[in-house]
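Following: one structure in structure tokens, then a few remarks.
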Amino acid sequence: NFPVRLNNKLGHLNSLIQRGDYPPTDQMIEVRDAITEKINTQLAEFESIKNTDLPAFNKLVKEKAVDAIVLKKKEDASM
């Protein structure tokens, strides 16, 4: 199994908030805001990688003419 992730925590908190006929507690709102901030940090990091690092990597691969897929010949395979 995979460990609990931020989206799981936020989803579970959302289900708890929706229970009952009362508004969410201050603690629930604080936890929601903290989790949302962590998620936004991760999304910003992903956007940076996607928009900066990935294009630079793809450019480098094209410049070096690296094969995208390399298949071993039968005599090279150890299995």
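The values are calculated or read from the model by the stated rules, or taken from the named source; none is laboratory data. Keep in mind that this is a model prediction, so the values were computed, not measured. Counting neighbours? That spans all protein chains shown, and the Cβs are built from the backbone with ideal geometry, glycine included. Just the protein is used for accessible areas: all its heavy atoms, side chains included, with ligands, DNA and RNA removed. Shrake-Rupley method; radii C 1.70, N 1.55, O 1.52, S 1.80 Å.
Worth pointing out:
- Residue within the range 37-48 that is open to solvent by 80 Å² or more (accessible area, probe 1.4 Å), over 24 Å from the mean Cα position of the chain (by Cα) and either hydrophobic (A, V, I, L, M, F, W, C) or farther than 24 Å from VAL4 by Cα (or both) present: no
- The range 23-52 residues that are closer than 12 Å to LYS9 by Cβ, paired with ones that are not in a helix (DSSP H, G or I) (beta carbon under 8 Å, 6 or more apart): ARG32/PRO24
- Residues that are open to solvent by 50 Å² or more (accessible area, probe 1.4 Å) and either assigned to a helix (DSSP H, G or I) or touching a residue at least 60 places away in the same chain (Cβ under 8 Å) (or both), drawn from the range 11-22: HIS12, ASN14, LEU16
- Of all residues in the range 57-79, those that are surrounded by fewer than 10 Cβ atoms within 10 Å (Cβ to Cβ) and assigned to a helix (DSSP H, G or I) total 3.
- Unique residue being modelled with pLDDT under 90 and either in a helix (DSSP H, G or I) or not acidic (Asp, Glu) (or both) when the list is ASN1, ASN51: ASN1
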